Amino acid sequence: MGGATPVSQLRIEVEQLRNARGTLRLCLTADPDNFPTCVDDARAISRNVPAGQHRVTYEGLPRGTYALAVIHDENSNQKLDTFAGIPREGFGFSRNPRIGFGPPRFTAARFALDAAQGAESVRMRYML
């Protein structure tokens, strides 16, 4: 007789927001092919929270490897606004990888959630 699948709690701390306007759009995925957008990932967990809420907790996550993307949607239009391909709104990723042209790969942002509790701190970045 098999036991229940172990689950974890993940605490996210969002740092260096430039203001509390709009919403934070979070995308947590275990699928490298759907990072950072989570568009075609039925198992991804997307959340929208007020930008003034710097802490988000996910409960009951299966243990495994994940990556997190965060967008500071300052005008609450449900997308990352850009100008000439450069983000006009803030963004951040788990493990705070170096940013070049475009978003980081899943491997640069991935982290293991293999205990009852985990924590990630995401530093927001603003290009414009």
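The values are calculated or read from the model by the stated rules, or taken from the named source; none is laboratory data. Keep in mind that what you see is a predicted model, and the values were worked out from it rather than measured. In this analysis, Cβ positions are derived from the backbone assuming ideal geometry, glycine residues included, and neighbour counts consider all displayed protein chains.
Please determine, by comparing only the residues of region 36-49 that are among the β-branched types (Val, Ile, Thr) and under 11 Å from the mean Cα position of the chain (by Cα), which one is surrounded by the most Cβ atoms within 10 Å (Cβ to Cβ).
Applying the filter and picking the extreme gives ILE45.
Among GLY118, GLY92, GLY52, which is the only one that is surrounded by 14 or more Cβ atoms within 10 Å (Cβ to Cβ), within 14 Å of ILE12 (Cα to Cα), small (Gly, Ala, Ser) and out of contact with any Ser or Thr (no Cβ under 9 Å at 6 or more places or on another chain)?
Checking each option against the conditions leaves just GLY92.
Determine whether region 79-95 contains at least one residue that is under 19 Å from ASP33 (Cα atoms) and either of a type in the set (A, V, I, L, M) or without any contact (Cβ under 8 Å) to a residue 24 or more places away in the chain (or both).
The answer is no; no qualifying residue exists.
Looking only at region 34-44, decide whether some residue is among the hydroxyl-bearing types (Ser, Thr, Tyr), modelled with pLDDT of 95 or more and over 18 Å from THR5 (Cβ atoms).
no
Of the residues in region 17-35, how many are touching a residue at least 24 places away in the same chain (Cβ under 8 Å), surrounded by 14 or more Cβ atoms within 10 Å (Cβ to Cβ) and polar (S, T, N, Q)?
2
Kindly indicate which of PHE83, PHE101, PHE106, PHE111 is of a type in the set (A, V, I, L, M, F, W, C), farther than 12 Å from ARG25 by Cα, under 14 Å from the mean Cα position of the chain (by Cα) and surrounded by fewer than 16 Cβ atoms within 10 Å (Cβ to Cβ).
Just one listed residue meets the conditions, PHE111.
Find all pairs meeting these conditions: Cβ atoms under 7 angstrom apart; at least six residues apart or on different chains; first residue within region 96-121 and over 21 Å from GLN16 (Cα atoms); second residue in a helix (DSSP H, G or I).
Cβ pairs passing all conditions: PHE106/PRO32.
Residues GLY64, GLY100: which one is of a type in the set (Gly, Ala, Ser) and either in contact with a helix residue (DSSP H, G or I) (Cβ under 8 Å, 6 or more places away or on another chain) or modelled with pLDDT of 95 or more (or both)?
That would be GLY64, the only listed residue that is of a type in the set (Gly, Ala, Ser) and either in contact with a helix residue (DSSP H, G or I) (Cβ under 8 Å, 6 or more places away or on another chain) or modelled with pLDDT of 95 or more (or both).
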